[in-house]
Amino acid sequence: MTPLPSVAVVADDLTSAGDGAAPFHLAGFPARISLGTAVTAPAGAVTAVDCDTRTRSETDAAARITEVVRRLAGADVLVKTMDSTVRGHLAAEIAAALAAGGRTTAVIAPAFPAEGRTTVGGVQHLAGVPVHRTAFARDPGHPVRDADLTRLVPGAVLADGPDRLAELVGQARYVIADAVSDHDLDRIVAAVPQPHEVLWVGSPGLAEALARHLAPGQTPEPALRPASRSRVLTVVGSLHPASREQAARLGELGTGALVPITDDHAAERTEHALNDRGSALLHGPQDPAASSVPAALADAVSRLAARRAFDALVLTGGETARTVLDALAVSTVQLVGQPEPGVPLGVVDHPWRFPVALKAGGFGDLDTLARLNDLLTTSVPAEDTCAP
């Protein structure tokens with residue numbers, strides 16, 4: 001069997017790092033997420049790095065991307081993830097990654113058909129609607145004002161099909177590829193004979209296509225095995241309506257108690273709910289001005305972790321996920337599966353090792369959090385990595 005290549009995934013937030021690496025893990029690659037910048041790209045494995053740039057200035061973001069990509073430039077395949085709703089410092093980060101990675105062309109294909117995100121005529125859509133006309137136009141951190149990638153990435157050229165894409169690689173600096181299906185993404189990857197020669201820029205849809213192309217016929221190990229009932233803590237910091245609706249649904253089903261982070265006793269109320277009902281959901285107020293919410297959530301989770309009050313975590317929202325894991329002094333997440341599209345599952349390198357699922361705020365349907373809760377209350381990673 002042909003040896004697996006080294007793959008580097010460079011992301012602007014933690015959920016993006018996770019959902020960019022998870023498809024490769026499902027294709028048979030060992031995969032880990034690093035929250036630090038001192039990284040390498042070992043052969044036959046995937047190294048994903050959360051550069052934590054989504055909330056930084058454009059200048060700081062570009063500098064941090066440059067630092068990380070220089071360390072990973074020797075990887076056989078270099079992927080720069082981007083938000084499938086075109087939030088973040090797209091142009092600056094793509095330019096920095098392309099220059100630091102030593103590639104000549106960035107192939108930009110942000111479609112994620114499984115979540116209704118498609119690219120048509122260079123414009124990013126959600127459920128058929130240009131993203132700047134959806135709820136993402138009101139994103140408190142990065143409101144989407146324009147969904148046309150040819151304007152968001154100055155100098156980018158729109159490829160009219162895979163044949164034109166193949167012609168532009170090596171000639172154009174930035175090439176945008178339309179896609180409305182996984183088949184389209186497979187054709188985009190197949191159009192580049194040497195995947196190591198370009199910088200791949202996209203969301204989990206492109207990562208899945210690359211994984212299928214690079215590791216055909218690989219079979220991943222089972223991700224989960226049945227276990228005695230576990231206490232699952234879900235933490236929702238995202239303000240996206242999808243996450244709020246998913247949280248409300250979890251409460252409606254009676255599966256988990258909803259605990260707002262409204263005062264110093266939130267951790268105690270959450271611990272009581274975990275012991276009493278086996279699951280709880282800790283969340284912040286639905287207030288875009290409440291910038292301290294991720295830190296408050298992280299403080300509560302830290303206190304709960306100190307008392308071993310939960311057995312598994314579900315973290316929703318990239319900034320919240322990063323803040324929580326930083327508070328727990330987690331530096332690495334070893335991936336073990338992907339129970340939902342765009343929702344990676346891993347084990348943290350905390351002294352008390354436990355599984356964590358990472359979900360971007362806008363991903364999933366109404367019952368996503370409920371399904372994750374049900375799964376983690378009755379399962380643990382197949383390898384006994386969660387034992388104290």
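The values are calculated or read from the model by the stated rules, or taken from the named source; none is laboratory data. Treat the numbers as computed from the prediction; the structure is a model and nothing was measured. When we count neighbours, we look across all protein chains shown, and the Cβ atoms used for this are built from the backbone with ideal geometry, even at glycine.
So here's what we get for this one:
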item: Single residue of 99, 106, 45 found to be of a type in the set (Gly, Ala, Ser), farther than 28 Å from residue 242 by Cβ, modelled with pLDDT of 95 or more and in contact with a Ser or Thr (Cβ under 9 Å, 6 or more places away or on another chain); result: 99
item: Pick from region 151-198, criterion of a type in the set (Lys, Arg), farther than 23 Å from residue 24 by Cα and not in a loop (DSSP other than H, G, I, E, B), ranking: nearest to the chain's Cα centre (by Cα); result: 151
item: Residues being polar (S, T, N, Q) and in a strand (DSSP E or B) - total across region 67-116; result: 2
item: Residues satisfying the stated conditions in region 338-388, i.e. of a type in the set (A, V, I, L, M, F, W, C), surrounded by fewer than 18 Cβ atoms within 10 Å (Cβ to Cβ) and either at pLDDT 95 or above or within 21 Å of the chain's Cα centre (by Cα) (or both); result: 366
item: Filtered residue count, region 57-94, keeping only those that are under 28 Å from residue 145 (Cα atoms), in contact (Cβ under 8 Å) with a residue 12 or more places away in the chain and not β-branched (Val, Ile, Thr); result: 16
item: Test: residue in region 236-245 that is basic (Lys, Arg) and crowded, with 16+ Cβ neighbours inside 10 Å; result: yes
item: Strands (runs of 3 or more DSSP E) enclosed by region 324-388 - at least 3 residues per element that are outside the structural domain of residue 83 (by TED's automatic domain parsing) and either among the hydrophobic types (A, V, I, L, M, F, W, C) or over 22 Å from residue 208 (Cα atoms) (or both); result: 332-340, 343-348, 355-359
item: Residue identified as closer than 19 Å to residue 346 by Cβ and in contact (Cβ under 8 Å) with a residue 60 or more places away in the chain among 10, 49; result: 10
item: Residue check for residue 144: of a type outside the set (S, T, N, Q), assigned to a loop (DSSP other than H, G, I, E, B) and crowded, with 17+ Cβ neighbours inside 10 Å; result: yes
item: Number of the condition not met by residue 201 [criteria: (1) assigned to a helix (DSSP H, G or I); (2) under 12 Å from residue 106 (Cα atoms); (3) not hydroxyl-bearing (Ser, Thr, Tyr)]; result: (1)
item: Identity of the residue in region 319-337, crowded, with 24+ Cβ neighbours inside 10 Å and not β-branched (Val, Ile, Thr), that ends up nearest to residue 229 (Cα to Cα); result: 335
item: Residues of region 1-54 satisfying the condition of being hydrophobic (A, V, I, L, M, F, W, C), outside any loop (DSSP other than H, G, I, E, B) and surrounded by fewer than 23 Cβ atoms within 10 Å (Cβ to Cβ); result: 26
item: Region 83-121: number of residues that are buried (at least 24 other Cβ atoms within 10 Å of the Cβ) and hydroxyl-bearing (Ser, Thr, Tyr); result: 3
